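Here is the structure we will look at, set down as structure tokens.
The values are calculated or read from the model by the stated rules, or taken from the named source; none is laboratory data. It should be emphasised that the depicted structure is a prediction, and the values quoted were computed from it without experimental measurement. Glycine also receives a Cβ, built like all others from the backbone with ideal geometry; neighbour counts cover every protein chain displayed. Only protein heavy atoms, including side chains, enter the accessible area calculation; ligands, DNA and RNA are left aside. Shrake-Rupley method; radii C 1.70, N 1.55, O 1.52, S 1.80 Å.
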Amino acid sequence: MTATTTDPTTATYTPAAESLHAVLDAGEQPRRPSALSASLTFGWRAMLKIKHVPEQLFDVTAFPIMMTLMFTYLFGGALAGSTTQYLQFLLPGILVMSVVMITMYTGLGVNIDIEKGVFDRFRTLPIWRPSALVGALLGDVVRYSMASVVILAVGLILGFRPAGGVGGVLAGVGLLIVFSFAFSWIWTMFGLMLRTEKSVMSVSMMVLFPLTFLSSVFVDPVTMPGWLRAFVNVNPITILSDAVRSLMMGVPDGTDILWTFIASAALLTVFGTWTMRLYNRK
């Protein structure tokens, strides 16, 4: 007698599953699920992973809190004379930095599923081919939203007062999530290209650290040397940080917002297309 194991992320019974069993019992051919339905199902699978492994929430709870407290009290007095004054500039940048940093976990999750052979099973199903990847990214959007809520809550407690009000904050978070969704396709591509989880992590950090620290997240680029400022001003993280900051402060910068949408569309077009080619060949 042999023991069998079941993936906890796929063992949940739903009305849809019961309906499928009824169709099969009747000898009928089940209908092919729509692209939206399949993507949402895989998105729910990503949520079930968090339910069964709650340690995954560390990067969207403890990490953002630690970053907010550390940079506020390390640099606040030295750069702005008071932590409260510096927090008004810093918090939108820390929000961008924290959410962009956790986008790399998308690639890690894809790589782990490939190593376990899970994606081989998904490829045999009669579903829209990209749904497994799109669903994983949709699940990560929830993580980005959770991280944003945590950081904003901590910021409000510390004294952050966005002049743009609730509307400006929601618009800033929405813009950040749109960019992060597009940006995460880069790590999905690396998750398919590289062989191990550690390799994906190493490459991700090599790209993310220069992009996030050499930006306007912490300070205004005006104080930087000319050669460094030239790079910082065209860094997409700088543009995103300035756009989110302008929305939260109630003075929307149309140019930065437009360039953020253009960058998001370019990332999605280039890396989304390349990722799907790799996925189809894998």
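Please tell me the relative contact order of segment 35-281 in percent, rounded to the nearest whole number, where contacts are Cα pairs under 8 Å and at least six residues apart.
On the way: 320 pairs, mean separation 66.6, N = 247.
Value for segment 35-281: 27 percent.
Enter the angle in degrees (range 0 to 90, nearest 10) between the Cα long axis of helix 104-116 and the first principal axis of the Cα atoms of the chain, meaning the one along which they spread out most. Approximately 20 degrees, to the nearest ten.
Figure note: PHE183, PHE58 ranked by solvent-accessible area, largest first, 1.4 Å probe, ligands and nucleic acids not counted: PHE58, PHE183.
For the chain, the longest principal axis of the C-alpha atoms and the axis of helix 35-52 are separated by about 70°. Under the rule a/c < 1.5 gives rounded, and otherwise a/b versus b/c splits prolate from oblate, where does segment 157-250 land using the Cα gyration tensor? Note, shape of segment 157-250 comes out oblate. Placing unit charges on the Cβ atoms only, positive for Lys and Arg and negative for Asp and Glu, gives the chain a dipole magnitude near 480 debye about its Cα centre. Largest GNM mean-square fluctuation among THR124, THR103, THR269, using the chain with Cα springs under 10 Å: THR124.
Please give the length that would be gained between ARG121 and THR255 if that part of the chain were fully extended, namely 0.36 nm times their separation in residues minus their C-alpha to C-alpha distance (nm, one decimal).
On the way: separation 134, 0.36 × 134 = 48.24 nm, distance 4.49 nm.
Computed gain between ARG121 and THR255 is 43.7 nm.
Three semi-axes describe the equivalent ellipsoid of the chain; taken as square roots of 5 times the Cα gyration tensor eigenvalues and ordered largest first, they are 39, 20, 18 Å. Helix 197-213 and the longest principal axis of the Cα set of the chain meet at an angle near 30°.
How much area per residue is accessible in the chain when the probe is 1.4 Å and only protein heavy atoms are counted (Å²)? Spell out each step's value before the answer.
Details: 14550 Å² over 282 residues.
The answer is 52 Å² per residue.
Of all the accessible heavy-atom surface of segment 35-281, with the other protein chains kept in place and a 1.4 Å probe, what percent is carbon and sulfur? Walk me through the intermediate numbers first.
Values: 8040 of 11240 Å².
Here carbon and sulfur together make up 71 percent of the probe-accessible area.
Among the trypsin sites (Lys or Arg not before Pro) in segment 27-136, those placed in a DSSP loop whose Cβ has at most 13 other Cβ atoms within 10 Å are ARG31.
Compared with the direct C-alpha span, the chain from ALA78 to ILE65 gains 2.6 nm at full extension, assuming 0.36 nm per residue. Projecting the Cα atoms of THR212, THR103, THR188 onto the charge dipole of the chain, computed from C-beta unit charges around the Cα centre, puts THR188 farthest toward the positive end. Once the Cβ-Cβ distance of LEU214 and ALA265 is raised to the sixth power relative to R0 = 22 Å, the FRET efficiency obtained is 0.40. The solvent-accessible area of VAL118, taken with every protein chain present and a 1.4 Å probe, is close to 20 Å².
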